[in-house]
Amino acid sequence: MKIICIGRNYAEHAKEMNAAVPTEPVFFLKPDTALIKDDHPFYYPDFSKEIHHEVELVLKISKAGKNIAPEFAHKYYDEIGVGIDFTARDIQVKCKEKGLPWEKAKAFDGSAPIGKFIHKNELQDMNNISFYLTVNGDIVQKGNTKDLLFSFDALVAYVSKFFTLKTGDLIYTGTPEGVGPVKIGDKLEAFIGERSLLAFEIK
Ligand code: MG
């Protein structure tokens with residue numbers, strides 16, 4: 001399986017990164033070794049001094065497809081979860097300065113904790129899903145899909161032009177504003193609505 005991550009999909013986050021608001025989706029990949037499941041801890045890597053949390057809603061692809069039309073894209077995912085796109089911001093800044101790829105900063109082991117999924121039928125309105133992240137009990141990031149620059153369906157359609165989507169692939173759909181550093185000992189918990197779906201510790 002593969003993990004596709006969308007960058008800059010909330011305008012306020014693009015602003016806080018001093019990045020342009022994109023006119024088409026920006027995306028990159030993480031390998032399956034990036035996943036952390038079942039609330040296992042994240043071990044702070046020794047190659048970075050600035051790991052940032054980015055909380056994101058995650059689509060789980062439910063059937064294979066390529067060149068999916070936007071009007072049919074909703075048929076390709078049934079479940080939505082919440083995950084963290086951990087980013088070694090110090091390394092990413094250096095990569096960006098040199099125009100190099102981001103993988104070292106984005107795709108390292110454990111960089112994609114993933115929580116439990118819920119069926120999309122349990123959500124009233126796909127364009128009004130709220131989610132948030134707490135660190136040590138304090139809310140640090142809050143998002144709502146009404147603020148997405150590119151909707152879930154637009155993302156599935158766009159990504160599938162380049163990559164065949166397969167059952168079990170995950171799409172991290174971008175982070176809202178409020179990204180920031182984590183440190184050893186922090187406890188992170190992520191919610192869709194008021195449902196806690198992911199909780200783990202930084203070790
Ligand atoms: Mg992200």
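What follows draws every value from the coordinates through simple rules; no lab data is involved. Please read these numbers as outputs of a predicted model, since none were measured by experiment. Positions of Cβ are backbone-derived with ideal geometry, glycine not excepted, and every protein chain shown enters the neighbour counts.
Rounded to the nearest 20, the Cβ-based charge dipole of the chain about its Cα centre (Lys and Arg +1, Asp and Glu -1) stands at 560 debye.
Residue by residue, segment 58-63 carries 3J(HN,Hα) couplings of 10, 9, 9, 6, 10, 7 Hz when phi is fed to the Karplus relation 6.51 cos²θ - 1.76 cosθ + 1.60 (θ = phi - 60°); x denotes Gly or Pro. In segment 3-201, inverting the average of 1/r over every pair of distinct C-alpha atoms gives 16.8 Å as the Kirkwood radius. Placing unit charges on the Cβ atoms of the charged side chains and taking the dipole of the chain about its Cα centre, the candidate lying farthest along the positive direction among ALA64, ILE6, PHE86 is ALA64. Using a cut-off of 25 Å between Cα atoms, the listed pairs LYS15/LYS66; LYS37/LYS104; LYS2/LYS37; LYS98/LYS166 include LYS15/LYS66; LYS98/LYS166 as exceeding that distance. Extension gain for LEU100-HIS119 works out to 3.1 nm (0.36 nm per residue, less the C-alpha to C-alpha distance). Cross-link partners of LYS183 among aspartates and glutamates, defined as those whose alpha carbon lies under 18 angstrom from its own and excluding same-chain residues fewer than eight positions apart: ASP39, ASP46, GLU50, GLU54, ASP85, ASP90, ASP109, ASP138, GLU201. Springs join every pair of Cα atoms under 10 Å in this Gaussian network model of the chain, and among LEU57, LEU165, LEU100 the largest mean-square fluctuation is at LEU100. Ordering 115-127, 135-147 by mean Cβ neighbour count within 10 Å, with the highest value first, yields 135-147, 115-127.
Contact order, relative form, for segment 3-201: 34 percent (alpha carbon pairs under 8 Å, 6 or more residues apart, mean separation divided by residue count).
Magnitude of the charge dipole for segment 94-177, about its Cα centre and with charges confined to Cβ atoms of Lys, Arg (+1) and Asp, Glu (-1), is about 320 debye.
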